[in-house]
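Trainee: Here you go, one structure.
The values are calculated or read from the model by the stated rules, or taken from the named source; none is laboratory data. Predicted model, so just to flag it, every value in this text is computed and none were measured. As a convention, Cβ positions derive from the backbone with ideal geometry for all residues, glycine included, and neighbour counts pool all protein chains shown.
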Amino acid sequence: MVKLRLVHASSDATGLDVYLDNNKIIERINYKTISQYFNVPNECTLDFRISGAPKNSPPVFYVKLKIEPEFSSLTAFLIGLVGSKDKKDGINVIILPDQPPTQKSAIVRFINASPSIPTAIFKLKDGSFMQNLEYGKVAHSIISPGKKVIQVIKDNEILTENNIDILEGKFHEILLIGLIERKPPLELYTLTHD
(Lines give C-alpha, C1' and ligand atoms only; values in the text may rest on other atoms or scores of the structure.)
Protein backbone atom coordinates (compact mmCIF):
# COMPACT_ATOMS: atom_id res chain seq x y z
CA MET A 1 0.00 0.00 0.00
CA VAL A 2 1.01 3.60 -0.69
CA LYS A 3 -0.22 6.86 0.84
CA LEU A 4 -1.77 9.13 -1.82
CA ARG A 5 -3.41 12.56 -1.60
CA LEU A 6 -5.12 14.62 -4.28
CA VAL A 7 -4.77 18.30 -5.19
CA HIS A 8 -7.67 19.66 -7.28
CA ALA A 9 -6.09 22.18 -9.68
CA SER A 10 -8.38 21.67 -12.69
CA SER A 11 -9.55 25.17 -13.59
CA ASP A 12 -13.02 24.31 -14.90
CA ALA A 13 -13.91 21.21 -12.88
CA THR A 14 -16.59 21.63 -10.24
CA GLY A 15 -16.67 19.52 -7.10
CA LEU A 16 -15.62 15.95 -7.78
CA ASP A 17 -16.10 12.61 -6.10
CA VAL A 18 -13.15 10.24 -6.33
CA TYR A 19 -13.48 6.47 -6.51
CA LEU A 20 -10.80 3.85 -5.90
CA ASP A 21 -11.60 0.68 -7.84
CA ASN A 22 -15.28 1.75 -7.90
CA ASN A 23 -15.49 2.60 -4.16
CA LYS A 24 -15.91 6.27 -3.19
CA ILE A 25 -12.91 7.49 -1.17
CA ILE A 26 -13.35 11.29 -1.48
CA GLU A 27 -16.67 13.08 -1.52
CA ARG A 28 -16.76 16.54 -3.10
CA ILE A 29 -13.22 17.79 -3.53
CA ASN A 30 -13.35 21.36 -4.85
CA TYR A 31 -10.95 23.52 -6.88
CA LYS A 32 -7.85 24.54 -4.87
CA THR A 33 -8.47 21.84 -2.27
CA ILE A 34 -6.03 19.19 -1.07
CA SER A 35 -7.31 15.91 0.33
CA GLN A 36 -6.02 13.96 3.30
CA TYR A 37 -3.78 11.01 2.52
CA PHE A 38 -5.50 7.70 1.86
CA ASN A 39 -4.03 4.24 1.28
CA VAL A 40 -4.06 2.75 -2.20
CA PRO A 41 -2.64 -0.50 -3.55
CA ASN A 42 0.37 -0.27 -5.84
CA GLU A 43 -1.89 -1.10 -8.80
CA CYS A 44 -5.36 0.44 -8.92
CA THR A 45 -7.72 2.76 -10.83
CA LEU A 46 -8.93 6.19 -9.67
CA ASP A 47 -12.19 7.54 -11.17
CA PHE A 48 -13.19 11.22 -10.99
CA ARG A 49 -16.93 11.88 -11.22
CA ILE A 50 -19.04 15.00 -10.88
CA SER A 51 -19.92 15.33 -7.19
CA GLY A 52 -23.30 13.85 -6.34
CA ALA A 53 -23.56 11.85 -9.56
CA PRO A 54 -24.85 8.28 -9.18
CA LYS A 55 -22.26 5.61 -8.51
CA ASN A 56 -22.87 4.05 -11.94
CA SER A 57 -22.37 7.37 -13.80
CA PRO A 58 -19.43 7.52 -16.22
CA PRO A 59 -16.29 9.19 -14.85
CA VAL A 60 -15.15 12.53 -16.30
CA PHE A 61 -11.65 11.09 -16.09
CA TYR A 62 -9.89 8.03 -14.77
CA VAL A 63 -6.27 7.07 -14.26
CA LYS A 64 -4.71 3.64 -13.81
CA LEU A 65 -1.89 3.66 -11.28
CA LYS A 66 1.11 1.38 -11.17
CA ILE A 67 3.25 2.70 -8.33
CA GLU A 68 6.81 1.58 -7.74
CA PRO A 69 7.23 0.04 -4.27
CA GLU A 70 10.02 2.42 -3.20
CA PHE A 71 7.54 5.32 -2.87
CA SER A 72 5.74 5.57 0.46
CA SER A 73 3.73 8.74 -0.21
CA LEU A 74 2.61 10.52 -3.37
CA THR A 75 0.60 13.57 -4.39
CA ALA A 76 -1.70 13.48 -7.43
CA PHE A 77 -2.38 16.84 -9.10
CA LEU A 78 -5.59 17.03 -11.15
CA ILE A 79 -4.94 19.62 -13.90
CA GLY A 80 -6.40 20.66 -17.25
CA LEU A 81 -9.89 21.41 -18.51
CA VAL A 82 -12.80 18.98 -18.19
CA GLY A 83 -14.63 20.71 -21.05
CA SER A 84 -11.71 20.59 -23.50
CA LYS A 85 -11.86 18.38 -26.56
CA ASP A 86 -8.14 19.05 -27.19
CA LYS A 87 -6.01 16.32 -25.65
CA LYS A 88 -3.09 18.66 -24.88
CA ASP A 89 -5.09 20.74 -22.37
CA GLY A 90 -7.71 18.14 -21.44
CA ILE A 91 -7.99 16.88 -17.90
CA ASN A 92 -4.97 14.98 -16.67
CA VAL A 93 -3.30 13.77 -13.48
CA ILE A 94 0.34 14.33 -12.58
CA ILE A 95 1.50 11.96 -9.82
CA LEU A 96 4.67 12.95 -7.99
CA PRO A 97 6.53 11.47 -5.02
CA ASP A 98 6.63 13.49 -1.82
CA GLN A 99 10.27 14.21 -1.12
CA PRO A 100 11.96 14.82 2.21
CA PRO A 101 13.61 18.25 2.52
CA THR A 102 17.33 18.67 3.04
CA GLN A 103 18.65 20.33 6.18
CA LYS A 104 19.28 24.11 6.13
CA SER A 105 17.42 24.58 2.87
CA ALA A 106 14.02 24.12 1.29
CA ILE A 107 12.98 22.08 -1.71
CA VAL A 108 10.59 23.91 -4.02
CA ARG A 109 8.65 22.06 -6.73
CA PHE A 110 7.25 24.33 -9.46
CA ILE A 111 4.34 23.03 -11.57
CA ASN A 112 2.79 24.73 -14.60
CA ALA A 113 -0.83 23.60 -14.16
CA SER A 114 -2.46 26.37 -16.23
CA PRO A 115 -3.64 25.12 -19.63
CA SER A 116 -3.82 28.71 -20.89
CA ILE A 117 -0.03 29.16 -20.50
CA PRO A 118 1.77 26.73 -22.85
CA THR A 119 5.17 27.98 -21.58
CA ALA A 120 5.90 30.26 -18.64
CA ILE A 121 8.96 31.44 -16.74
CA PHE A 122 8.94 31.01 -12.97
CA LYS A 123 11.32 33.57 -11.47
CA LEU A 124 12.38 34.93 -8.10
CA LYS A 125 12.09 38.71 -8.22
CA ASP A 126 15.68 39.08 -6.98
CA GLY A 127 16.87 37.15 -10.05
CA SER A 128 18.44 34.26 -8.09
CA PHE A 129 16.25 31.64 -9.76
CA MET A 130 14.58 31.25 -13.14
CA GLN A 131 12.93 28.20 -14.69
CA ASN A 132 11.15 27.90 -18.04
CA LEU A 133 8.26 25.44 -17.73
CA GLU A 134 5.85 24.04 -20.29
CA TYR A 135 2.26 23.27 -19.28
CA GLY A 136 2.06 20.01 -17.33
CA LYS A 137 5.78 20.01 -16.53
CA VAL A 138 7.53 20.08 -13.18
CA ALA A 139 10.86 21.50 -11.96
CA HIS A 140 12.63 21.17 -8.61
CA SER A 141 15.01 23.60 -6.95
CA ILE A 142 16.71 24.04 -3.60
CA ILE A 143 16.10 27.63 -2.48
CA SER A 144 17.49 29.39 0.58
CA PRO A 145 14.87 30.11 3.24
CA GLY A 146 13.28 33.53 3.62
CA LYS A 147 10.54 35.74 2.24
CA LYS A 148 10.53 35.59 -1.56
CA VAL A 149 8.53 37.16 -4.37
CA ILE A 150 7.85 34.59 -7.08
CA GLN A 151 6.77 35.85 -10.49
CA VAL A 152 5.42 34.12 -13.56
CA ILE A 153 6.50 35.79 -16.80
CA LYS A 154 5.51 35.29 -20.42
CA ASP A 155 6.78 37.43 -23.30
CA ASN A 156 8.52 39.79 -20.82
CA GLU A 157 5.21 40.49 -19.03
CA ILE A 158 4.53 39.58 -15.39
CA LEU A 159 1.35 37.49 -15.48
CA THR A 160 1.09 36.97 -11.72
CA GLU A 161 3.26 37.10 -8.64
CA ASN A 162 3.02 36.08 -5.01
CA ASN A 163 4.89 36.66 -1.75
CA ILE A 164 5.92 33.29 -0.34
CA ASP A 165 7.72 32.50 2.90
CA ILE A 166 10.19 29.71 2.08
CA LEU A 167 10.72 27.82 5.35
CA GLU A 168 13.93 26.01 6.25
CA GLY A 169 13.68 22.23 6.11
CA LYS A 170 10.24 22.27 4.44
CA PHE A 171 8.97 21.05 1.09
CA HIS A 172 7.03 23.62 -0.95
CA GLU A 173 4.92 23.10 -4.07
CA ILE A 174 4.12 26.18 -6.15
CA LEU A 175 1.51 25.67 -8.87
CA LEU A 176 0.52 28.08 -11.61
CA ILE A 177 -3.25 27.58 -11.82
CA GLY A 178 -6.24 29.35 -13.35
CA LEU A 179 -6.76 30.94 -16.74
CA ILE A 180 -6.01 34.11 -18.68
CA GLU A 181 -8.96 36.39 -19.57
CA ARG A 182 -11.57 34.22 -17.86
CA LYS A 183 -12.36 32.72 -14.50
CA PRO A 184 -10.84 31.36 -12.40
CA PRO A 185 -8.03 33.92 -12.63
CA LEU A 186 -4.38 33.04 -13.04
CA GLU A 187 -2.57 32.70 -9.71
CA LEU A 188 0.21 30.96 -7.84
CA TYR A 189 -1.08 28.35 -5.39
CA THR A 190 1.34 27.19 -2.68
CA LEU A 191 1.42 24.05 -0.55
CA THR A 192 3.94 23.66 2.27
CA HIS A 193 4.58 20.44 4.12
CA ASP A 194 7.31 18.38 5.82
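Trainee: Would you mind stating whether GLU70 is free of Cβ contacts under 8 Å to residues at least 24 places away in the same chain and either surrounded by 15 or more Cβ atoms within 10 Å (Cβ to Cβ) or over 12 Å from LEU6 (Cβ atoms) (or both)?
Mentor: Considered against the rule, which asks whether it is free of Cβ contacts under 8 Å to residues at least 24 places away in the same chain and either surrounded by 15 or more Cβ atoms within 10 Å (Cβ to Cβ) or over 12 Å from LEU6 (Cβ atoms) (or both), GLU70 comes out as yes.
Trainee: Further question: Would you please name the residue that is nearest to SER116 (Cα to Cα), looking only at residues in the stretch 56-71 that are of a type outside the set (D, E, K, R) and part of a strand (DSSP E or B)?
Mentor: So the residue we want is PHE61.
Trainee: When you check THR102 against the structure, is it modelled with pLDDT of 90 or more and of a type in the set (S, T, N, Q), yes or no?
Mentor: no
Trainee: Ok, one more. Filter the stretch 1-27 for residues that are basic (Lys, Arg) and surrounded by 14 or more Cβ atoms within 10 Å (Cβ to Cβ); which is nearest to the chain's Cα centre (by Cα)?
Mentor: ARG5
Trainee: When the stretch 160-180 is examined, which residues are found to be surrounded by fewer than 21 Cβ atoms within 10 Å (Cβ to Cβ), closer than 28 Å to LEU81 by Cβ and among the charged types (D, E, K, R)?
Mentor: Passing the criteria: only GLU161.
Trainee: Just need a number here: residues in the stretch 71-96 that are at pLDDT below 80 and not polar (S, T, N, Q).
Mentor: Total satisfying the criteria: 8.
Trainee: Right, something else. So LYS125 clears everything in (1) of a type outside the set (A, V, I, L, M); (2) at pLDDT below 85; (3) surrounded by 13 or more Cβ atoms within 10 Å (Cβ to Cβ); (4) over 16 Å from the mean Cα position of the chain (by Cα) except one condition, right? Which one?
Mentor: Among (1) of a type outside the set (A, V, I, L, M); (2) at pLDDT below 85; (3) surrounded by 13 or more Cβ atoms within 10 Å (Cβ to Cβ); (4) over 16 Å from the mean Cα position of the chain (by Cα), LYS125 violates only (2).
Trainee: So, restricting to strands (runs of 3 or more DSSP E) that lie completely within the stretch 72-180, which ones have at least 3 residues that are of a type in the set (Phe, Trp, Tyr) and assigned by TED's automatic domain parsing to the domain that holds LYS3?
Mentor: Because the criterion is at least 3 residues that are of a type in the set (Phe, Trp, Tyr) and assigned by TED's automatic domain parsing to the domain that holds LYS3, no strands (runs of 3 or more DSSP E) in the stretch 72-180 meet it.
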